[in-house]
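A short reminder: the numbers here are calculations on the coordinates, not readings from a lab. Everything quoted here is computed from the prediction, not taken from an experiment. Here the Cβ is made from the backbone with ideal geometry for all residues, glycine too, and neighbour counts use every protein chain on show.
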Amino acid sequence: MKSKSNKIYIIVAAIAFVVFSGFRTDYFEISKQLDIFATLFKELNIYYVDDTDPDELMHEAINSMLATLDPYTTFMTEDEAEGFQIHTLGEYAGIGASIRLIDNEIVIAQVYEGFAAEKAGIRSGDILLEIDGKKINNQNSSEISSTLKGSVNSQVEIKYKRIGVKNPITVKFSREKIIVNAVPFSGMINQEVGYITLNSFSRKATKEVSLAFDNLKSEGMKYLVFDLRGNPGGLLSQAVEISGLFLPRKTFVVETKGKIKEWNKKYVTKHRPKDTDIPIVILTDFGTASASEIVAGALQDLDRAVIMGSRTFGKGLVQQPRSLSYGTKLKITIAKYYTPSGRCIQSKDYFHKDKNGRPNVIPDSLRTEFSTRGGRVVFDGAGIEPDIKVEDEELSSFVISMINQNLLFQYSVEYCNKTEEKIDLANFEILEKDLNDFEKYINNKNFVNETKLTDKLTEFKELAVKEKMISKLGKTITDLEEKLKKGNHEMFANDSNIIKKILELSVINNDHHEKGRYLYNIKNDKLIIQASNFLQNKSKYNELLVLKK
């Protein structure tokens, strides 16, 4: 315990060093509080009546302290810091598959094309039983994920069972360097419109976008749909460089303003652009955040692209990782960023909270008006508002319940396992008989549409048992349950079109992996289709971006 305590004191000292080296105004007050804390921590660990865990106490103290700030200022353990590096670098060593927990079993959720797991014959839906001869018992998906990772070329033996196959399968193969592409897909929507989707702003993001752009230009691209939906951000430098692919050199893209003078910076494009004229539509949604919003905000403010979709997340805060001792890190908010028009799109005020500790949200009435280079009106304080608003298709509680209970995923796994041959992407379709089969499947799985009504019925049933009234109320409860099941049939019919699309996408994803999913989307995603049609209507595009004299 003594050595653990010493380790914690070193962490405290490291944090103090970071604080002092960056900001000295409150040196005495910080030193005083650290001294009080270190003394308290020592006394607590020596004299408390029961044994204490210094690591657990310290993590609780650190996390509670940081929770009073914003959710992006976080302490990372050595393992978490490694995960942060993976996100930043876009590469790690492993088997090339993701996992999820379904019905207390660890299931392969996604196999990445061309990597070790796929080459070893592992498929989506396979259920892990053992890793290197050790049974998987009561381990969460995070622990299993760490076990599957390792050094490049290290051997791993996996035993798994597959739905429809009688005996378990055992495979042994080498881990590989897994490269997570920032651009998972690019392709032509039609003969003139190209499509690039960007998932993250890792260190290779600009290089990948640039290469994808060149390839599409060689295929005849005249217009670009740039998809930033669901992109949580990443490196600020990559946001500036990617903006610079479509803007003249030395164009001002973003400004950061913080407490420390050295973090007050204006960022301009440094390199020769790829194309400053090609019409662009950027797709956004609520998952578009941080570095993604820098790109969308800059190209909107400079009238260089049309933003289409729904409002972005509204994260206008900049973080910087600071290295601590023992491989740990402190990711700390150091500044706010401002788009070329001068607006900060941060949607929540974490520095002024209400009496319940919730951050204030800027009301629409108090949002400040700004202008794009051409005079179009834009606002601060709530993410990036699209130029053309297209709200996401809202899923019913019925469909959401099927997704949450993994029924669409599990059915698609069984669908793919029925044949060894891959489905034909060009002609594949979920037919009426498949939908009927799926409805029978969810009924056999005792599917429950999770609504407030079903929750209340469950509570009522439990209360009836507790109050010993189940014998009197049992028939009433059973009748209600049967009526809800009949209601499920009606809801299935109402949602059959969206269920069909999700099933098609899930089957394609299982059989043709990520690439297949994107090939399906560029032909079936309503927002992609609308963006493509809009780009090819030159008069509408030019009318929206027309410069005011």
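Points worth noting:
- Given the alternatives (i) 21; (ii) 27; (iii) 15, percent of Cα pairs over 45 Å apart as computed for this entry is given by (ii).
- Over segment 91-179, the ratio between the Cα radius of gyration and 2.2 N^0.38 Å evaluates to 0.98.
- Amide H contacts for Val390 (H built 1.01 Å from N in the peptide plane; partners 5 or more residues away or on another chain; cut-off under 5 Å): Gly309, Ser310.
- The DSSP beta bridges internal to segment 185-392 are antiparallel in roughly 60% of cases.
- Shape of segment 137-182, Cα gyration tensor, a/c cut at 1.5: prolate
- Above-threshold pairs, the threshold being 30 Å between Cα atoms, out of Lys433/Lys461; Lys336/Lys526; Lys149/Lys445; Lys265/Lys315; Lys261/Lys329: Lys433/Lys461; Lys336/Lys526; Lys149/Lys445
- In terms of the mean number of neighbouring beta-carbon atoms within 10 Å, the peptides 193-202, 410-419, 299-308 order highest first as 193-202, 299-308, 410-419.
- For the chain, the dipole from Cβ point charges (+1 on Lys and Arg, -1 on Asp and Glu) about the Cα centre works out to 1340 debye, to the nearest 20.
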